[in-house]
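The values are calculated or read from the model by the stated rules, or taken from the named source; none is laboratory data. Note that the coordinates shown come from a computational prediction; the quantities given were computed from them, not determined experimentally. No Cβ is skipped: glycine too gets one built from the backbone with ideal geometry, and neighbour counts run over all protein chains shown. To get the accessible areas, we keep the full protein, side chains included, count just its heavy atoms, and leave off ligands, DNA and RNA. Shrake-Rupley method; radii C 1.70, N 1.55, O 1.52, S 1.80 Å.
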Protein chains: 2
Amino acid sequence: MSITVHPFDQAVKLDLQADGAWRGHTDPAYGNMVGPFGGITSAVLLNAILKDPARIGDPISLTVNFAGPIEDGPFSIEATAVRTNRSTQHWSVNLYQHNGELATSASAVFAIRRETWESTELAFPVRTPALELKRADTSKAPEWTRRYDLRPHKGLMIDGQLQESEPNAETEFWVQDDPPRPLDFLSLTSICDSFVPRIFVRRQGRFPAGTITLTTHFHADAEMLSSQGSKHVLGLARASKFGMGYHDQSAEIWSDQQQLLATSHQLVYFKA
Amino acid sequence: MSITVHPFDQAVKLDLQADGAWRGHTDPAYGNMVGPFGGITSAVLLNAILKDPARIGDPISLTVNFAGPIEDGPFSIEATAVRTNRSTQHWSVNLYQHNGELATSASAVFAIRRETWESTELAFPVRTPALELKRADTSKAPEWTRRYDLRPHKGLMIDGQLQESEPNAETEFWVQDDPPRPLDFLSLTSICDSFVPRIFVRRQGRFPAGTITLTTHFHADAEMLSSQGSKHVLGLARASKFGMGYHDQSAEIWSDQQQLLATSHQLVYFKA
């Protein structure tokens with residue numbers, strides 16, 4: 001008898017060390033052009049908080065700063081609750097490699113949610129259902145793209161074959177873990193970064209590019225994520241400004257039940 | 001002969017201590033309902049980096065986590081360059097009060113800018129020029145609002161007199177330091193937070209609310225800010241989701257020359 005571990009859970013796996021730090025290892029299944037996919041790095045940093053017995057509530061915000069390259073191999077993560085209030089908790093999380101060199105740093109806010117007035121100010125972007133669209137061929141793209149079932153409406157730009165006459169910086173797709181996995185805060189974090197750099201889409205080509213800072217705002221609680229199960233979620237990404245070496249990217253992730261699950265905002269280094 | 005210090009410069013003033021930390025003091029001129037205005041706190045945290053001789057480049061990103069209340073009085077700030085690369089530098093900044101209790105923590109990314117392809121993906125929102133609009137009466141609003149010349153198009157909601165039949169969560173205004181002060185990274189940081197909480201605007205009333213985390217992305221370099229001088233900049237703010245105790249806010253700050261200077265994204269605690 002064998003128990004199969006989902007590749008996502010394998011990639012975010014952490015073991016507690018005697019000194020209180022967590023030990024993890026990059027996973028080739030989520031490899032990018034160089035080093036690991038930023039989404040999986042964000043998820044493993046969040047996991048260090050989720051696994052901490054001192055943690056209260058659910059994540060509402062996570063900012064990850066990609067301070068230096070992460071090399072394939074082991075890493076250690078230190079997560080510290082820097083302040084705990086009655087219903088909120090602030091965390092500092094650092095990922096180290098080799099002789100304690102900082103590769104990635106993050107901060108997070110957790111909160112115990114409570115019922116309040118609710119409103120979604122954005123209209124749900126009604127699109128063709130995921131299963132009526134064709135899955136993208138990512139066979140020539142980095143390994144991590146094959147951990148997702150991506151069904152694009154527009155602007156995926158992973159295979160160099162997209163040729164639009166007036167390209168903008170927008171991508172719209174349905175996305176699902178492959179194999180399917182029930183949505184949780186870890187996979188939602190990773191999915192928020194599952195868009196190619198906006199410069200690829202806007203300029204219709206590949207350029208040197210990499211995320212330097214990524215902030216995710218969670219609008220869902222655990223119950224809302226649970227009700228989504230393992231179905232595709234809808235992802236939209238756009239940019240507001242390219243210039244002087246960096247561009248931004250804002251993304252929305254929607255459930256198929258028209259709930260806004262998360263928004264994220266990042267800055268990306270690029271050469272073009 | 002007396003040299004007049006601008007109130008903004010007085011509020012972000014820092015003195016280096018023997019132990020390498022910075023000493024500052026809250027300023028009643030930028031007081032909020034309780035404690036200081038979040039924009040001035042963000043600016044003083046950034047100032048600790050700008051004043052550091054080890055700093056390279058200009059800010060491209062700043063995330064401020066409001067971990068606990070800041071009381072009126074002195075505070076100390078510790079700014080640490082956690083990683084310095086060839087053209088980027090990552091910072092961790094903490095603000096303490098009393099016996100070393102953490103009140104605010106921040107991270108920032110600085111970069112040496114270089115010329116690349118440029119594009120602004122958002123259309124400049126053409127609006128009536130600032131000087132053709134009436135200045136808002138903020139006499140009943142918190143003290144910090146009187147440090148700004150605010151000329152609203154819509155959704156200011158600071159005096160309880162706004163009554164729109166179908167309110168949305170959007171605010172549009174021209175904003176300028178009062179007295180006028182040449183724009184720099186410090187004042188731009190503060191201006192990014194110069195919008196009232198979106199819940200006030202969306203629900204047309206005052207509610208308990210406060211920013212818990214605020215990320216600013218800078219799209220301007222020092223030269224672009226300098227060319228703006230002390231003229232009004234255009235600010236737009238909106239929300240995407242209210243619910244379960246928190247709402248988000250995204251803002252754009254534009255120069256009067258149609259340049260996107262900064263975008264910012266925050267989460268706000270609210271009761272309604």
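Accessible surface for A:Lys271 stands near 100 Å², nearest 10, in the context of the full protein assembly shown (1.4 Å probe).
Accessible surface of chain A, 1.4 Å probe: 49 percent of it comes from carbon and sulfur atoms. Charged side chains reduced to their Cβ positions (Lys and Arg at +1, Asp and Glu at -1) give chain A a dipole of some 380 debye around its Cα centre.
Coupling constants for the range B:181-198 follow from the phi torsions by the Karplus curve (6.51 cos²θ - 1.76 cosθ + 1.60, θ = phi - 60°), and in residue order they are 8, x, 5, 9, 4, 5, 6, 5, 4, 5, 4, 4, 10, 8, 9, 5, x, 4 Hz; glycine and proline get x.
Burial here means at least 30 square angstrom less accessible surface with every protein chain in place than with the chain by itself, probed at 1.4 Å; in the range B:198-213 the buried residues are B:Arg202, B:Arg203, B:Ile212, B:Thr213. The interface between chain A and chain B buries about 5300 Å² of solvent-accessible area in total (1.4 Å probe, ligands and nucleic acids excluded).
Inter-copy label distances at B:Phe124, shortest first and taken from points set 7 Å along Cα to Cβ: 3.9 nm. A:Lys154 contributes about 50 Å² of solvent-accessible surface, heavy atoms of the protein only, 1.4 Å probe.
Across peptide B:66-72, the mean count of Cβ atoms from other chains lying within 10 Å of each residue's own Cβ comes to 3. What separates the A:Gly205 label point from its copies, with the point 7 Å along Cα to Cβ, is 5.7 nm, written shortest first. Between A:Thr4 and A:Asp72, the C-beta separation translates, for a Förster distance of 25 Å, into a calculated FRET efficiency of about 0.60. Scalar couplings 3J(HN,Hα) for the range A:239-254, obtained by applying the Karplus form with A = 6.51, B = -1.76, C = 1.60 to θ = phi - 60°, are 10, 10, 8, 10, x, 6, x, 9, 9, 9, 8, 10, 10, 10, 10, 10 Hz; x denotes Gly and Pro. The translational diffusion coefficient of chain B, from Stokes-Einstein at 37 °C and 0.692 mPa s with a Kirkwood hydrodynamic radius over alpha carbon pairs, comes to 172 µm²/s.
Our compactness index for the range B:77-126, the C-alpha radius of gyration over the empirical 2.2 N^0.38 Å, is 1.76. Rounded to 0.05, the FRET efficiency of the B:Asp256 and A:Phe124 pair, given R0 = 51 Å and the Cβ-Cβ distance, is 0.90. Here the relative contact order of chain B, from alpha carbon pairs under 8 Å that lie six or more residues apart, stands at 17 percent.
Please give the per residue accessible area of the protein assembly as shown, computed with a probe of 1.4 Å over protein heavy atoms only, in Å².
Per residue, the protein assembly as shown has an accessible area of 40 Å².
Inter-label distance, A:Lys13 to A:Ser87: 3.9 nm, where each label sits 7 Å from its Cα along the C-beta direction.
Inter-copy label distances at A:Val82, using a point 7 Å along Cα-to-Cβ, come to 0.7 nm with the shortest given first. At a temperature of 20 °C and a viscosity of 1.002 mPa s, determine how fast the protein assembly as shown diffuses translationally according to Stokes-Einstein, using the Kirkwood radius over alpha-carbon pairs as Rh; express D in µm²/s, rounded to the nearest whole number. It comes out at roughly 90 µm²/s. The residue among B:Thr145, A:His90, A:Trp22 whose Cα reaches farthest toward the positive pole of the charge dipole of the protein assembly as shown, with charges on the beta-carbon of Lys, Arg, Asp and Glu, is B:Thr145.
Legend: distances between Cα atoms for A:Lys13/A:Lys140; A:Lys271/B:Lys13; B:Lys140/B:Lys231; A:Lys241/B:Lys154; B:Lys13/B:Lys134; pairs beyond 29 Å are A:Lys271/B:Lys13; B:Lys13/B:Lys134.
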